[in-house]
Amino acid sequence: DGLAYSMILGLDIMVWQYKKSFSSDVSVALNIGEYPIEAGRTYRLGAFSDSLGAYGSLSYSVDTGVPGHRRGKKYYTSLEHFGELTITKHDPELRIISGVFWFNVWTDEKALVKIRGGRFDMKYIKR
């Protein structure tokens, strides 16, 4: 688990080992680009190329057919497959932030992956 926040660079959240129906460890990442981070605010997680940069991503690895070798896969939210992140608490002095999220990604295997019921409650580092 990791979280970094900068008033200039935004918020990055990484959740590791979120796995349910995958054969490998899965990571979920959320990024709120240049938005101000405010408790009670909901952010749309859209296209990775959005100029403000709020997006979600899903990463995991698959077998390559060669023993001991795996290939990484990474998928991002988009205009069509999006989500939301709501900041429920933010204390800049104590560097604590909490929130809930959900999002969808479309894979190159032509599958819609739905991340639901995501939450975080953690201290963060300033960059």
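The values are calculated or read from the model by the stated rules, or taken from the named source; none is laboratory data. None of the values given here were measured: they were computed from a predicted structure. Here the Cβ is made from the backbone with ideal geometry for all residues, glycine too, and neighbour counts use every protein chain on show. In case anyone asks, the SASA skips ligands and DNA or RNA and just uses the protein heavy atoms, side chains included. Shrake-Rupley method; radii C 1.70, N 1.55, O 1.52, S 1.80 Å.
Restricting segment 59-78 to residues that are among the charged types (D, E, K, R) and under 17 Å from the mean Cα position of the chain (by Cα), which is surrounded by the fewest Cβ atoms within 10 Å (Cβ to Cβ)? Before the answer, list the steps.
To start, the set of residues in segment 59-78 that are among the charged types (D, E, K, R) comprises 63, 70-71, 73-74.
Narrowing further to those that are under 17 Å from the mean Cα position of the chain (by Cα): 73-74.
Values: K73: 16, K74: 14.
Looking at the filtered set, the residue picked out is K74.
If you take the residues in segment 14-59 that are assigned to a loop (DSSP other than H, G, I, E, B), of a type outside the set (S, T, N, Q) and more than 24 Å from K123 (Cβ to Cβ), which one is modelled with the lowest pLDDT?
Initial filter on segment 14-59 (assigned to a loop (DSSP other than H, G, I, E, B)): 16-25, 33-41, 46-54.
Next, only the ones that are of a type outside the set (S, T, N, Q) stay: 16, 18-20, 22, 25, 33-41, 46-48, 50, 52-54.
Checking which are more than 24 Å from K123 (Cβ to Cβ) leaves us with 19-20, 22, 46-48, 50, 52.
Working: K19: 51, K20: 54, F22: 54, G46: 88, A47: 81, F48: 69, D50: 60, L52: 61.
Top of the filtered list is K19.
Report whether or not D63 is free of Cβ contacts under 8 Å to residues at least 24 places away in the same chain and either under 14 Å from D121 (Cβ atoms) or of a type outside the set (V, I, T) (or both). Walk me through it before giving the result.
Values: free of Cβ contacts under 8 Å to residues at least 24 places away in the same chain: no; either under 14 Å from D121 (Cβ atoms) or of a type outside the set (V, I, T) (or both): yes.
When the stated conditions are applied, D63 does not pass them.
Scan segment 85-111 and report the pairs whose first residue is of a type in the set (D, E, K, R) and whose second residue is assigned to a strand (DSSP E or B) and open to solvent by less than 90 Å² (accessible area, probe 1.4 Å), with Cβ atoms within less than 7 Å and a gap of 6+ or a chain change.
Hits for this filter: K89/I96; K89/I97; K89/S98.
Within segment 66-77, can one find any residue that is within 19 Å of G33 (Cα to Cα), at pLDDT 90 or above and either out of contact with any Ser or Thr (no Cβ under 6 Å at 6 or more places or on another chain) or among the basic types (K, R) (or both)?
yes
Across segment 79-118, what is the total count of residues that are open to solvent by 30 Å² or more (accessible area, probe 1.4 Å) and assigned to a loop (DSSP other than H, G, I, E, B)? Before the answer, list the steps.
Of all residues in segment 79-118, those open to solvent by 30 Å² or more (accessible area, probe 1.4 Å) come to 79-82, 84, 86, 88-96, 100, 102, 106, 108-112, 114, 116-117.
So of that shortlist, the ones also assigned to a loop (DSSP other than H, G, I, E, B) come out as 79-82, 92-95, 108-111.
Number of matching residues: 12.
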